[in-house]
Amino acid sequence: MVDQSVSGVHPRPVINNSNESGIGRSSDAVRELLTVTLKQSGPAAFCEMLFERADMMRATDIHLDPSEDGTHLRFRVDGFMHDVTLLENDAAMQVISRIKLLAGMDITDRRLAQDGHLSGLARKGKADIRIGTGPTIHGERMVMRLMPDPEILIDLESLGMVSEQCELVRSALAAAGGMMLVVGPVGSGKSTTTYACLSHLNRPDISTVTIEDPVERRVRGASQIQVDPRIDFGFVQALRGVLRQDPDVIMIGEIRDAETANIAVRAALTGVNVLSTLHASDSSTV
């Protein structure tokens with residue numbers, strides 16, 4: 001599978017106009033609800049409602065983008081951005097401060113970019129949220145990535161592929177050793193697809209190891225490793241260690257450099273099934 005390419009597996013997204021109108025109606029209802037909540041109950045209640053409604057609309061990201069007119073609140077749903085409401089900049093600043101406080105970030109520093117993490121428990125939900133902030137000419141910007149429920153693993157049949165495409169993937173995964181790369185831009189479903197492939201391979205009679213940054217979903221029976229560059233424990237160090245631990249299947253969350261790629265290819269050539277992802281516009285550019 002190292003030099004084998006599977007064609008037709010990743011269909012291009014199709015815009016469904018009826019779905020777009022449905023999202024538009026949902027956005028109108030959310031806009032009214034959030035506006036009332038912020039005015040009547042303050043930023044704490046607003047944040048709870050914001051996360052709840054984003055979950056309901058199956059948003060993957062929440063954007064708070066300041067401008068001279070106010071702060072635009074937008075959701076990314078099915079890969080497309082949707083306007084939800086326009087907040088006054090002062091009100092948006094209170095909301096951002098509330099979220100930063102919950103995530104343990106420095107609420108006094110708006111001049112530097114910060115990264116944070118909000119656990120599902122802290123927000124009374126199941127999934128965690130990754131948070132990034134940074135300064136703009138109009139104020140602080142915040143983007144939140146809603147991580148998938150760590151307890152739910154999707155299967156190949158639920159990815160939206162036709163039966164012929166599913167069979168191509170199963171055939172590739174059935175090979176004894178080799179590498180399968182899931183390639184696409186940010187937000188295209190690389191991690192979801194990789195976990196579905198891992199779920200298909202994972203069995204009680206094999207040794208499965210994942211190397212991730214961070215661990216996004218729990219895989220029953222697999223040894224899951226989270227890298228930590230702060231202590232010089234990155235993908236390369238983790239992968240070298242795992243290869244000495246008799247693995248049958250290794251999932252690498254992302255190949256970010258040539259050294260990781262070289263070690264992964266060598267592992268695949270020795271009979272290990274390797275799954276990983278690459279950031280690219282499509283597979284032909286890799």
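Annotations
- Taken over the range 184-214, the criterion of being farther than 20 Å from Val272 by Cβ and out of contact with any helix residue (DSSP H, G or I) (no Cβ under 8 Å at 6 or more places or on another chain) is satisfied by Pro185, Val186, Gly187, Ser188, Lys190, Ser191, Pro214.
- The listed residues are Arg74, Arg110, Arg141, Arg130, and the only one of them that is of a type in the set (Lys, Arg), touching a strand residue (DSSP E or B) at 6+ places or on another chain (Cβ under 6 Å) and within 30 Å of Val219 (Cβ to Cβ) turns out to be Arg130.
- From the list Thr277, Thr192, the one residue that fits, being in contact with a Leu (Cβ under 9 Å, 6 or more places away or on another chain), modelled with pLDDT of 95 or more, outside any loop (DSSP other than H, G, I, E, B) and under 22 Å from Ser158 (Cα atoms), is Thr277.
- Residue count for the range 135-159 under the criterion of being in contact (Cβ under 8 Å) with a residue 12 or more places away in the chain, loosely packed, with under 12 Cβ neighbours inside 10 Å and part of a loop (DSSP other than H, G, I, E, B): the result is 2.
- The residues on offer are Glu140, Glu164, and the sole one that is modelled with pLDDT of 90 or more, in the same structural domain as Lys39 (by TED's automatic domain parsing) and not hydroxyl-bearing (Ser, Thr, Tyr) is Glu140.
- Flag for Thr194 being in contact with a Ser or Thr (Cβ under 8 Å, 6 or more places away or on another chain), within 21 Å of Ala59 (Cα to Cα) and of a type outside the set (Gly, Ala, Ser): yes
- Residue in the range 216-245 that is farthest from Arg256 (Cα to Cα), counting only those that are acidic (Asp, Glu) and assigned to a loop (DSSP other than H, G, I, E, B): Glu216
The values are calculated or read from the model by the stated rules, or taken from the named source; none is laboratory data. All values derive from a computational prediction rather than experimental measurement. All Cβ positions, glycine included, derive from the backbone under ideal geometry; neighbour counts span all protein chains shown.
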